[in-house]
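> Let me begin by handing over the structure; questions about it come next.
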Amino acid sequence: MSRESISKIAYKTLQQSKSIAGFAHKQISSRLMNFILPDSKLEDFDIDKDLLIQIQNSMDNLREEDWNDAEKNIYPKKLLFDEPWLRYLTQYPKIWLDMPNTWDRRRKQNFDDLPKSIDKDNYPQYYLRNFHHQTDGYLSDFSASIYDLQVEILFNGSADSMRRRIIKPIKEGLKTFTNRKKSSIKILDVATGSGRTLKQLRAAFPKEKITGIDLSDSYLKEASRYISDLDGDLIQLIKGNAEELPFENNSFQCISCVYLFHELPRTIRAKVLSEFF
């Protein structure tokens, strides 16, 4: 068996293990919390088996595409195995300890349980809520510290594979600027969050200038810690609202955005998109 075949088996085994772990966590936590805090909505909830098969097939296709892009050197193959296990191990107990609060918030449909210390005037109204019932929304260091693992569990271990779907179209688009030095190419990542996407981008674009912008101080602090030891030029982090990007027109050759638009009201999505063009 070739080294490439072994690597592919290792990659798929890793991804499938993450998928199983994410699904198992949701099953166990749901049953446990429904026993402690019964919820009639969950008692009658049943997932269609055909839908589960479709989701699994879609995830298999995602992994195959992820592997093939790395094989074509669209991004380094090391990204396929880049998992912050120590970070996740420290985050995981926090998720369990916080689960009763999240569960209670979900049962009561409480969407505005936010830290008292925040200045609400600094944020748009739609941002002042508990997205996915998470504690503190996007407005605390605690929320930022467990976000990456929460997303991995939510997407059954496929969050990074999904993030990497942006790299191929970015490379295709930047071919327009082949007459320019890579060091003069600027990439902006909007709603950069805890910095996981920035790490993917830096690995794929080691010489380009990369900037991340986000509305949350806490998430920007988390991103700063996370990307502080990356190779290449320093990634710039800026606090700002995607509705009013604090840059002159045509400042960037590329704008990326992951896991943002589904959180925005429809009218705000259009406003954000207008900032990109």
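What follows draws every value from the coordinates through simple rules; no lab data is involved. Everything quoted here is computed from the prediction, not taken from an experiment. Here the Cβ is made from the backbone with ideal geometry for all residues, glycine too, and neighbour counts use every protein chain on show.
> Taking the alpha-carbon centroid of each part, what is the distance from segment 136-203 to segment 225-277 in angstrom?
Comparing the Cα centres of segment 136-203 and segment 225-277, I get a distance of 10 Å.
> Computed from these coordinates, which is Cα Rg over 2.2 N^0.38 Å: [x] 1.02; [y] 1.20; [z] 1.06?
Given [x] 1.02; [y] 1.20; [z] 1.06, the calculated one carries the label [z].
> If one computes P(r) from the Cα atoms of segment 162-276, what percent of pairs lie at distances over 25 Å?
I get 17 percent for the Cα pairs in segment 162-276 exceeding 25 Å.
> Right, something else. What does the convex hull of the Cα atoms come to per residue for segment 109-169, in Å³?
Given the Cα convex hull of segment 109-169, per-residue volume reads 119 Å³.
> Can I ask one more? Can you spot the lysines whose alpha carbon is less than 24 Å from K168's alpha carbon? Ignore those fewer than 8 places along the same chain.
Straight-distance partners of K168: K8, K12, K18, K72, K77, K78, K181, K182, K186, K199, K207, K209.
> If I take every Cα pair under 8 Å that is 6 or more residues apart in segment 26-145, average their sequence separation and divide by the length, what percent do I get for the relative contact order? Walk me through the intermediate numbers first.
Values: 64 pairs, mean separation 20.7, N = 120.
Averaging sequence separation for qualifying contacts and normalising by length gives 17 percent for segment 26-145.
> Please state the charge dipole magnitude for the chain, taken about the Cα centre, from unit charges on C-beta atoms (+1 on K and R, -1 on D and E), reported in debye and rounded to the nearest 20.
Its charge dipole is roughly 760 debye.
> If you don't mind, there's one more thing I want to ask. By count of other Cβ within 10 Å, fewest leading, how are D141, D66 ordered?
D141, D66
> By counting other Cβ atoms within 10 Å of each Cβ, how are T135, T267 ranked from fewest to most?
T267, T135
> Once every DSSP H run of n ≥ 4 in the chain is given -39500 (n - 2.57) and the sum is divided by its residues, what mean residue ellipticity at 222 nm do you get, rounded to the nearest 500 deg cm²/dmol?
Mean residue ellipticity at 222 nm (helix-derived): -16500 deg cm²/dmol.
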